[in-house]
Amino acid sequence: MKYVIGNWKSNQNISQSLIWLDGLSALHPKFSPEVTVILCLPFTDIASFNHKISDLNLPIISGSQNVSHLAPGKHTGEITANMLSELVNYCIVGHSERRQEFSETSEIVAQKARLLLESSITPIICLDTPYLDEQIKALFTCDVDVSRCFFVYEPISAIGIGKPIDSVSANHIANQIAFLTDNAAPILYGGSVSSDNAASFVRENCIDGVLVGTDSLEPTLFAGIITSLS
Ligand code: PGA
């Protein structure tokens, strides 16, 4: 199985997310049974988006981009894994933007992953080389079953600039992640993925898919990536 995961980040309100779905549907992208398409949305969009995916009969699975590291309780404003469990099957954790802007540590990311798995949500764990070993070690320390996670190698230097790293270098790090996680989980690449380069990453033997930021916001570009892998 190959994976295309979109990450809208802090973009799109409910109306815009529904217009996006209409746009994608009108393009009739070639969805292959060999390619799972997941879209990670802002919390506020998820419920309406889910209704519309089923109305349009689109094979897209929704995910979120964050979750609380705390269990349900007195934590005003937090969105817990339990709350998300009725809405999504996947959740991104440990994105470098959250590490940089919200001081998230490898321990917090591991706690989030554990709580997600307890709610049967697959954590999509983002990694970069400076903290790759530390993050994976924190997962094992926190008793996270890595075989139930997804991992994404996302070099910070390639995010949002329109210039990915080359697929051979990405595969080299994906191989390292596979080794550290007992070859048990899907491993993806993220960072300036487009329809021109997505297939080159997925052709590599250790890379199972791509995480797409900028080019997931525009239905035509996202459909192009889905089609390029089908
Ligand atoms: P990008 O973002 O595709 O815009 O580089 C990827 C990401 O940050 O997940």
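When residues of the range 6-47 are filtered for being aliphatic (A, V, I, L, M) and open to solvent by less than 20 Å² (accessible area, probe 1.4 Å), how many remain?
Adding up the residues that qualify gives 8.
When you look at SER200, is it in contact with an Asp or Glu (Cβ under 6 Å, 6 or more places away or on another chain), among the hydroxyl-bearing types (Ser, Thr, Tyr) and either assigned to a helix (DSSP H, G or I) or open to solvent by 20 Å² or more (accessible area, probe 1.4 Å) (or both), yes or no?
Criteria not met by SER200.
Looking at SER194, is it within 15 Å of the ligand (Cβ to nearest atom), farther than 17 Å from LEU39 by Cβ, surrounded by fewer than 18 Cβ atoms within 10 Å (Cβ to Cβ) and free of Cβ contacts under 8 Å to residues at least 40 places away in the same chain?
no
If a residue must be touching a Leu at 6+ places or on another chain (Cβ under 7 Å), more than 12 Å from GLY6 (Cβ to Cβ) and not small (Gly, Ala, Ser), how many such residues does the range 38-52 contain?
Summing the residues that are touching a Leu at 6+ places or on another chain (Cβ under 7 Å), more than 12 Å from GLY6 (Cβ to Cβ) and not small (Gly, Ala, Ser) in the range 38-52 gives 3.
Cβ-Cβ under 8 Å, sequence separation 6+ or interchain: first residue in the range 64-75 and free of Cβ contacts under 8 Å to residues at least 12 places away in the same chain, partner exposed (fewer than 13 other Cβ atoms within 10 Å of the Cβ). Which pairs?
From residues that are free of Cβ contacts under 8 Å to residues at least 12 places away in the same chain, there are no pairs.
State whether one or more residues within the range 90-108 are over 23 Å from ILE136 (Cβ atoms) and either of a type in the set (Ser, Thr, Tyr) or open to solvent by less than 70 Å² (accessible area, probe 1.4 Å) (or both).
No, the conditions are met nowhere in the range 90-108.
Only one of (1) away from the ligand (no atom under 15 Å from the Cβ); (2) within 17 Å of GLY6 (Cα to Cα) is not met by LEU180, so which one is it?
(2)
Condition check ((1) closer than 21 Å to TYR3 by Cα; (2) in contact (Cβ under 8 Å) with a residue 24 or more places away in the chain; (3) in contact with a helix residue (DSSP H, G or I) (Cβ under 9 Å, 6 or more places away or on another chain)) across all residues:
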| site | (1), (2), (3) |
| --- | --- |
| THR36 | yes, yes, no |
| GLY77 | no, no, no |
| SER103 | no, no, no |
| LYS112 | no, yes, yes |
| LEU115 | no, yes, yes |
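Can you report the number of residues in the range 204-230 which are open to solvent by 30 Å² or more (accessible area, probe 1.4 Å), closer than 24 Å to ILE156 by Cβ and more than 15 Å from the ligand (Cβ to nearest atom)?
Of the residues in that region, 2 qualify.
From the set of residues in the range 131-190 that are outside any helix (DSSP H, G or I) and of a type in the set (Asp, Glu), which is most open to solvent (accessible area, probe 1.4 Å)?
ASP143
The values are calculated or read from the model by the stated rules, or taken from the named source; none is laboratory data. Not measured: the values here are computed from a predicted model. Ideal geometry is used to build each Cβ from the backbone, glycine not excepted, and the neighbour counts take in all protein chains shown. Calculation scope for accessible area: heavy atoms of the full protein, side chains included, ligands and nucleic acids excluded. Shrake-Rupley method; radii C 1.70, N 1.55, O 1.52, S 1.80 Å.
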